[in-house]
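The structure appears below as structure tokens.
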Amino acid sequence: MSGKSGPDVRLVDATALAAAADCLRGGGLVAVPTETVYGLAARADSESAVAAIYRAKGRPDFNPLIIHLSSLDAAEVIAVFDERARRLAAAFWPGPLTLVLPLRDGTGITPAVTAGLPTIALRVPAHPAMRALLETSGLPLAAPSANRSGGVSPTTAGHVASSLGSRVDMVLDGGACEAGIESTIVAPRDSGWSILRPGPITEAQISATIGPAGDGMTSTGKIEAPGQLASHYAPGKPVRLGAVEARDDEFLIGFGAVDGHTNLSETGDLAEAAARLYACLHLAAADARPRVAIAPVPDDGIGAAINDRLRRAAA
């Protein structure tokens, strides 16, 4: 991150967009206006870039992040669309609607983005600055709100600069956001559909497009999108915490100096550990060993959130 007192703030033009795209390709963070709020964008196929999001915001929410894409065609490469999803996309994309759909295999999206779930939250935004950045960078972009965790969502470049400061590499100033609240999140289900987060697109508009919600409005009890309670990803095996070495029947997830079959962060970077947590648990779940051991993680800062999820995985 920059050592400056504040971020590089630029009015949106072709030169600024080219610089922002280069920043994103290099793993940096760019705050960019959407029609809802300013998003903190990073390339969604990079563990280190997603770790930078967590670091800038102050802690990981361990909620799935929304992927922003340039078109329905780009979205269908990443997720499986049924007829209802395509109708919603036709009606409301580009725009403030996020769809939670089954994730396709082999997309390259880092597991920290999906919080280890088999679904992915995605949308095609309408704001010209975000659309231009998507086209210029050629990347799928993860973009939660561009503010410190727990703060008010930013709707101007000034909000972003005052909240994040030099934690963000660049801010594209496109003026005030139109909607000012986050997108509506909808999950089509076998039994209907569910609103996971209310937003600018109303329940009535969705019903008019794909019919009544039916039984789909019933909560699944699982986290599926931003705006819901955080959840863990359990590897489906007994988990032992605080391990400094592996027993014969254990897959060891290391941290820092405690090496293992994989490592949350060899350098002891808690933000990197947060970004890699679900990927490491996936490796442990797939391994032939019947048990999982996890090295101690400091409980300060982001570590407290990591340990909360690890305790839930071990419960």
Original post:
Could we say that V171 is within 25 Å of R25 (Cβ to Cβ), surrounded by 17 or more Cβ atoms within 10 Å (Cβ to Cβ) and aliphatic (A, V, I, L, M) here?
Top reply: yes
Subject >> Selection from segment 71-104 of residues that are of a type in the set (S, T, Y) and over 16 Å from S183 (Cα atoms) >> reply: S71
**OP:** Report whether or not I78 is out of contact with any helix residue (DSSP H, G or I) (no Cβ under 8 Å at 6 or more places or on another chain) and under 29 Å from A313 (Cα atoms).
**Re:** yes
Original post:
Among the strands (runs of 3 or more DSSP E) contained in segment 40-140, which hold 1 or more residues that are surrounded by fewer than 20 Cβ atoms within 10 Å (Cβ to Cβ)?
Top reply: 97-102, 119-123
**OP:** Give segment 181-195 a look and list any residue that's open to solvent by 20 Å² or more (accessible area, probe 1.4 Å) and either farther than 10 Å from L99 by Cβ or of a type in the set (G, A, S) (or both), or say none.
**Re:** I181, E182, R189, D190, S191, I195
**OP:** Can you run down the residue pairs with Cβ atoms below 6 Å, 6 or more apart or on separate chains, where the first is in segment 9-25 and surrounded by 15 or more Cβ atoms within 10 Å (Cβ to Cβ) and the partner is of a type in the set (S, T, N, Q)?
**Re:** L17/T136; A21/T136; A21/S137; L24/S137
**OP:** Answer yes or no: is there a residue in segment 179-201 that is small (G, A, S) and closer than 28 Å to E47 by Cβ.
**Re:** yes
**OP:** Return yes or no: is P154 crowded, with 24+ Cβ neighbours inside 10 Å and assigned to a loop (DSSP other than H, G, I, E, B)?
**Re:** yes
Original post:
Can you name the number of the only condition in (1) assigned to a strand (DSSP E or B); (2) on the phi > 0 side of the Ramachandran plot that S194 fails?
Top reply: (2)
Original post:
Which numbered condition trips up V171, out of (1) within 21 Å of G211 (Cβ to Cβ); (2) over 17 Å from the mean Cα position of the chain (by Cα)?
Top reply: (1)
**OP:** Confirm whether D300 is touching a residue at least 40 places away in the same chain (Cβ under 8 Å) and acidic (D, E).
**Re:** no
**OP:** State all residues of segment 104-157 that are of a type in the set (V, I, T) and touching a Pro at 6+ places or on another chain (Cβ under 8 Å); if no residue qualifies, say none.
**Re:** I109, V113, T114, T119, I120, V124
**OP:** Name every residue in segment 1-39 that is in a loop (DSSP other than H, G, I, E, B) and aliphatic (A, V, I, L, M), in order of residue number.
**Re:** M1, V12, L29, V37
Subject >> Candidate set: segment 243-263, residues that are without any contact (Cβ under 8 Å) to a residue 40 or more places away in the chain and closer than 18 Å to S48 by Cβ; chosen: the one surrounded by the most Cβ atoms within 10 Å (Cβ to Cβ) >> reply: N263
**OP:** May I ask you to say which residue of A293, A284, A273 is open to solvent by less than 10 Å² (accessible area, probe 1.4 Å), out of contact with any helix residue (DSSP H, G or I) (no Cβ under 8 Å at 6 or more places or on another chain) and either in a helix (DSSP H, G or I) or under 18 Å from L117 (Cα atoms) (or both)?
**Re:** A284
**OP:** Run C177 past the list (1) assigned to a strand (DSSP E or B); (2) out of contact with any helix residue (DSSP H, G or I) (no Cβ under 8 Å at 6 or more places or on another chain) and report the number of the one that doesn't hold.
**Re:** (1)
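The values are calculated or read from the model by the stated rules, or taken from the named source; none is laboratory data. Just so it is clear, the model here is predicted, and its values are computed rather than measured. Cβ coordinates were reconstructed from backbone atoms using ideal geometry, including for glycine residues, and neighbour counts include every protein chain displayed. Surface accessibility is based on the protein's heavy atoms, side chains included, excluding ligands, DNA and RNA. Shrake-Rupley method; radii C 1.70, N 1.55, O 1.52, S 1.80 Å.
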